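Participant: I'd like to ask you about the structure that follows.
Each reported figure results from applying straightforward, stated rules to the coordinates on display, with no laboratory input. Predicted model only: the values in this text are computed from it and were never measured. No Cβ is skipped: glycine too gets one built from the backbone with ideal geometry, and neighbour counts run over all protein chains shown.
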Amino acid sequence: QVQLVQSGGGLVQAGGSLSLSCAASGRSFASYALGWIRQVPGRERELVATISWTGGGTSYGDSVNGRFTISKDNAKSMLYLRMNNLNPEDPAVYYCAAGGVWIGSRDMTKYEYWGQGTQVTVSS
């Protein structure tokens, strides 16, 4: 089993920045990809970013590429998402997730483990 516990999120003005964190525990992540996925009510889940736990390769969704940065700290088993230049398209519940998938995979069923989610709200 893998446990994912998120922190961060909250309210930020448009154009501002916000950081999310995800603490992982349990089994080894040697063969896992980890990512951030967001969901807006009434819409399908959207892949935000993914990263290889061991290799460090990253992949980003088109809507966030250039604005968001995914990173990790292997020693601390931490996953991070830095969100810059937030805009009205970004408010959502953000989830960290992990699974034995290729980075960039959009098949949400392949992400076996999920954090509890955290709300990101953008004001203007």
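Participant: Using a 7 Å offset from the Cα along the Cα-to-Cβ direction at both Trp114 and Arg43, what is the distance between the two label points in nm, to one decimal?
Facilitator: Each label point is offset 7 Å from its Cα along the Cβ direction, giving 1.7 nm.
Participant: Counting other Cβ atoms within 10 Å, keep those with at most 16, restrict to DSSP loop, and tell me which trypsin sites (Lys or Arg not before Pro) in segment 24-72 are left.
Facilitator: The qualifying sites are Arg27, Arg43, Arg45, Arg67.
Participant: Additional query: Would you mind calculating the relative contact order of the chain from Cα pairs under 8 angstrom and at least 6 residues apart, reporting the percent as a whole number?
Facilitator: Details: 306 pairs, mean separation 43.7, N = 124.
35 percent.
Participant: Now for a different question. Would you work out the charge dipole size for the chain about its Cα centre, treating the Cβ of every Lys and Arg as +1 and the Cβ of every Asp and Glu as -1, and quote it to the nearest 20 debye?
Facilitator: In debye, rounded to 20, the chain gives about 200.
Participant: What does the convex hull of the Cα atoms of segment 17-93 come to per residue, in Å³, rounded to a whole number?
Facilitator: Measuring per residue, one finds 99 Å³ for the Cα hull of segment 17-93.
Participant: Which whole-number percent of Cα pairs in segment 6-58 have a distance greater than 16 Å?
Facilitator: Tail of the P(r) past 16 Å holds 59 percent of the pairs.
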